[in-house]
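No lab work stands behind these numbers, since they all come straight from the coordinates. Note that the coordinates shown come from a computational prediction; the quantities given were computed from them, not determined experimentally. No Cβ is skipped: glycine too gets one built from the backbone with ideal geometry, and neighbour counts run over all protein chains shown.
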Amino acid sequence: MLEIKNLHVKLEEEDKQILKGVNLTVEPGKVHAIMGPNGSGKSTLSYVLSGKEGYEVTEGSASLGGEELLDMEAEERAAAGLFLAFQYPVEIPGVGNMTFLRTAVNAQRKARGEDEMSAGEFLKVIRAKAKTLKIDADMLKRPVNVGFSGGEKKRNEILQMAMLEPKMCILDETDSGLDVDAMKLVSEGVNALRDEGRGFLVITHYQRLLDHIKPDVVHIMADGRIIKTGGPELALEVENNGYADILAEVA
Amino acid sequence: MAAPKKMLQIKQDTTQARLSSMTLPDGATWAQDARKAALARVEIMGLPHGRDEYWKFTKPDTLVQAAAPKAATFDGGEAPLWDHIDRLKIVFVDGVFDADASDDLSLEGVTIERLSDVMQKDIHWAKEQYGVLEQRGQEVVERPLAALNTAFATDGIVVHATGKVSKPINIMYLHKSDSSDVMLHHCIKLDEGADLTLLETGPAAARLNKSMEVEIADHAGFHHVRVQGRDHERRAVTGIFTRLGTESTFKSFTLTMNGVLTRNECVIELTGDDAKATVAGACVGDGADFHHDDTVFITHDAVNCESRQVFKKVLRNGATGVFQGKILVKADAQKTDGYQISQSLLLDGDSQFLAKPELEIYADDVICSHGSTTGAIDEEALFYLRSRGVPEAEATDLLVLAFLAEALEEIEDEALAEAMLDRLEGWLARRAS
Ligand SMILES: Nc1ncnc2c1ncn2[C@@H]1O[C@H](COP(=O)(O)OP(=O)(O)OP(=O)(O)O)[C@@H](O)[C@H]1O
Ligand SMILES: [Mg+2]
């Protein structure tokens, strides 16, 4: 599904290397988690994969379902099935949440040569999905993320994911800012999407999210590299002992 | 009006060059007097020149010169705006009233006449208003083109609203001759408690000088929505001169698209307590030929009045936008609430926005705020939209509409606002790459 090979990335504006050779493969149907200290490059990896400007790939490659990702525009990557749930979802005053989502859904369909979703059908689907995430009608009408609480923003990310039905979902700290109940809701939202054809890359600092979304593989990222890969037990180890041991081990 | 001062020779020359070929239309004695007085104002002020304080950002030459530059007519092939709204249509073709194309002018709560008829009548209320509000406007800032209009305008409508007018009046302009050089003057009077909505649509002429004087009595409400549309070579200067009585309302919104030179002036005087005036505009300009100017002057001369100016401009490919807005709060105008915002969204580095926001306050118990900003597209928002699959051009359009939304929100009537949004979307869609 997602295949990242020896990915090296620096900032475009300054001479700062952030990713220093990331290798990672997510198979369809699998959930991979990435943990790692602050500033190790997790968000950068997610941005580079989704096509944000300001980064320069100096070496390596990334592909989705065999298609070279790094040559595509951000919107093409989305249409190819990549989705990023942002660590910090962006507020867009003046653009209604509903308008935004319908535009996105139909733009992706159009790019894939599929029929657009009618207004009525869209409304029906989004209402049902919003309900399971406890997103009320008022939130759908409001401008994208404007005035949303931290937790509401994260739920809104998952709603978008549910509507767009991507093949490869990257979740960047979707658990941060969520209360216990919201964490359950969000996890249920994610789990509902789990199926054989879909891959997940879940970036998190905490084991508790992984209690709800059970990962198949856990990676530890430090200083721009994946330094250790293991099973779910690796997340428990981090939770209990922090990163010191692992960092020492590979040093 | 300021005391006569020595005028630049070039101003004298261009003024004389323009006036020499013009003759005052005839009419009743009062009308002739009003025209002569206006002509005298023009001669004292001289027509605008690029060195005048409020013409630094907008070159007045083509508005002033004797011969009007030609402007191609434009048939957009679009359905007329507001076809679905029940309204009384009044049609002007190249500045001339077209009775056949217009609806019957009788409507409950209002008397509508043609300026050219009114100017022949010995007794008419317009005597108290024609050129009067324009002249008052000259006292704060000289507007010679408006005085020129008062002197020479031959057509327009004269509207007297006595009650709540049951449906909007829609003045529909048609531009059919590429060399039409037109002056229109509308006189509108609202009696106490009256309520009137005026819509203006369509390109009026190759070169247009239009004035509208609106007298709003106590508790009356005037709503104005206008669209300056598709004629790319349009040159227009328009002036609204209005005076508000106690607890009255004035609301004006203008959507401007295209045009090589459009200067919209609005002079508002709040003279009755608790009155409220709003003037708003959304403008989209594409190309180095585009120049749009909003020049507003609001005088607070009564207690507890509110004024709002909300202007938003989206400019690309070298387009120019201008905003000059002033709030003057006189010493007795306590509890004034004055709000002014003018913002531009520049879609490239070649476009420019020139702003001159001004406050002049002589009362001590007032709230006045003004803000003027120039910005580019929010890259974070653009990426967010694109990451959801929205192509860059479409995402940009969404952000453009979002930017303009604050101005559109000033339109009270939802159906009218919806129609404005449609026009904007159409304009953007035609430019989609
Ligand atoms: N646009 C940028 N300008 C300057 N520095 C940047 C930029 N983007 C990333 N960095 C730097 O790159 C490093 C990696 O940042 P990144 O956000 O990817 O970390 P992270 O692993 O997601 O951290 P966290 O766990 O705190 O979210 C940090 O040192 C960060 O400051
Ligand atoms: Mg991060």
In whole Å, largest first, what are the principal axis extents of the Cα atoms in the range A:2-250?
56, 39, 35
On average over all directions, what projected area in square nanometres does the range B:92-187 have, based on the convex hull of its Cα atoms?
7.5
Counting pairs of Cα atoms in the range B:212-255, how many percent are more than 11 Å apart?
71
Any chance you could check the Cα centroid distance between the range B:26-51 and the range B:267-339 for me, in angstrom?
26
Taking only Cα atoms and a 10 Å spring cutoff, compute GNM fluctuations for chain A and point out the largest among A:VAL186, A:VAL125, A:VAL105.
A:VAL125
Residue of A:GLY36, A:GLY231, A:GLY120 that the Gaussian network model of chain A assigns the largest fluctuation, springs spanning Cα pairs under 10 Å
A:GLY120
Partner shielding of B:392-399, as the mean number of partner chain Cβ atoms within 10 Å, equals 4
Under the Karplus curve 6.51 cos²θ - 1.76 cosθ + 1.60, θ = phi - 60°, whole-Hz ³J(HN,Hα) for the range B:38-53, x wherever Gly or Pro sits
5, 4, 4, 4, 4, 5, 6, 6, x, 6, x, 9, x, 8, 5, 3
Could you tell me which of the pairs A:LYS30/A:LYS129; B:LYS70/B:LYS313; B:LYS70/B:LYS127; A:LYS124/B:LYS312 are separated by over 30 angstrom between their Cα atoms in the structure shown?
B:LYS70/B:LYS127; A:LYS124/B:LYS312
Mind sorting B:MET212, B:MET22, A:MET183 by how few other Cβ atoms lie within 10 Å of their own Cβ, fewest first?
B:MET22, A:MET183, B:MET212
With chain B treated as a Gaussian network of Cα nodes joined by springs under 10 Å, which of B:LEU208, B:LEU196, B:LEU359 yields the largest mean-square fluctuation?
B:LEU359
What's the center-to-center distance, using Cα atoms, between the range A:193-230 and the range A:1-41 in Å?
13
Inter-part distance where the range B:156-183 and the range B:383-426 are each reduced to a Cα centre, Å:
29
So for chain B: antiparallel DSSP bridges make up what percent, rounded to the nearest 5?
5
Taking A:VAL90, A:VAL48 and counting other C-beta atoms within 10 Å, the order from fewest to most
A:VAL90, A:VAL48
For the protein assembly as shown, what is the percent of antiparallel DSSP beta bridges, rounded to the nearest 5?
20
Can you figure out the FRET efficiency of B:LEU421 with A:GLU116, using R₀ = 22 Å and their beta-carbon distance, to the nearest 0.05?
0.65
If you take the Cα atoms of the range B:1-100, find Rg, then find the Kirkwood Rh from the mean of 1/r over all pairs, what is Rg/Rh?
1.08
Cα-Cα over 24 Å: which of A:LYS42/A:LYS154; B:LYS36/B:LYS56; A:LYS20/A:LYS153; A:LYS42/A:LYS110; B:LYS6/B:LYS36?
B:LYS36/B:LYS56; A:LYS20/A:LYS153; A:LYS42/A:LYS110
Please get the size of the charge dipole for the protein assembly as shown, origin at its Cα centre, with Cβ charges of +1 on Lys and Arg and -1 on Asp and Glu, quoted in debye to the nearest 20.
680
Under 12 Å from the Cα of A:LYS214 - aspartates and glutamates, other chains or at least 8 residues apart
A:GLU188, A:GLU233
Hey, fewest Cβ within 10 Å first, where do B:ARG431, B:ARG114, B:ARG423 land in order?
B:ARG431, B:ARG114, B:ARG423
5 Å binning of all Cα-Cα separations within the range B:210-295, expressed as whole percents from 0 upward:
4, 14, 26, 19, 14, 11, 7, 5, 1
Share of Cα-Cα pairs in chain B lying beyond 31 Å, as whole percent
37
Where Rh is the Kirkwood radius over Cα pairs, Rg/Rh for the range B:293-397:
1.15
For the protein assembly as shown, alpha-carbon Rg and Dmax in angstrom:
31.0, 103
